[in-house]
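To keep things clear, I will list the structure first and then write my remarks on it.
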Amino acid sequence: MLRDIPNRPVQDFAVAIVPRETEDELWDTFILNLKPEPVRDVLVNSRGYGELDGEARKTSVLRHFFERIGPETAAMLEPIQSSLFTFTNEYWVSFSFDGHMFDKKYIFVRGSIDAMNFTRVPLLNRPGVMIR
């Protein structure tokens with residue numbers, strides 16, 4: 001039964017989008033393992049969706065796999081074009097930790113990837129937009 005499945009919240013894990021220092025068009029997306037132990041079998045599905053000129057649009061779904069992300073480590077996920085910031089950008093992350101599977105959707109809503117929402121991203125020590 002569904003009620004028999006334990007609901008374990010994801011903690012000490014984040015997705016961050018940070019601008020490149022030399023280029024305005026491309027930004028970088030990172031997964032951050034803030035735990036003091038590694039996580040394994042990390043699977044990420046990323047996609048964007050929204051409206052462009054009054055018409056519904058969506059990006060391709062990209063899938064990434066990391067066998068292991070070390071403790072307190074940032075892993076580069078993918079570049080993202082700044083033109084896609086007018087879309088909602090979603091990253092669905094699943095991973096194994098401490099003998100259990102975890103998953104969480106990190107959703108950057110339309111317009112949220114903006115300098116006024118910057119924070120100092122841990123492990124990278126760079127400004128960017130981050131969801132924990």
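Overview of results
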| read-out | value |
| --- | --- |
| Listed values (1) 117; (2) 97; (3) 127, entry calculated as volume of the Cα convex hull per residue in Å³ | (3) |
| Radius 13 Å from Cβ of Asn125, net charge of other residues (Lys, Arg +1; Asp, Glu -1) | 0 |
| For the range 2-131, size of Cβ-based charge dipole, Lys and Arg +1, Asp and Glu -1, in debye | 360 |
| Added length on full extension, which subtracts the Cα-Cα distance from 0.36 nm per residue, Arg8 to Leu26 | 3.0 nm |
| Residue among Met101, Phe118, Pro38 farthest towards the positive dipole end of the range 2-131, charges placed on Cβ | Met101 |
| Gain on full stretching of the segment that runs from Lys105 to Arg40 - 0.36 nm per residue minus C-alpha separation | 21.7 nm |
| Ranked list, fewest to most other Cβ atoms within 10 Å of each Cβ, for Thr119, Thr88 | Thr119, Thr88 |
| Proximal charge balance of Leu52 [Cβ under 13 Å; K/R count +1, D/E count -1] | 0 |
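We did not get these values from a lab; they are worked out from the coordinates using the rules stated. Nothing here was measured: the structure is a model prediction, and the numbers come from that model. Counting neighbours? That spans all protein chains shown, and the Cβs are built from the backbone with ideal geometry, glycine included.
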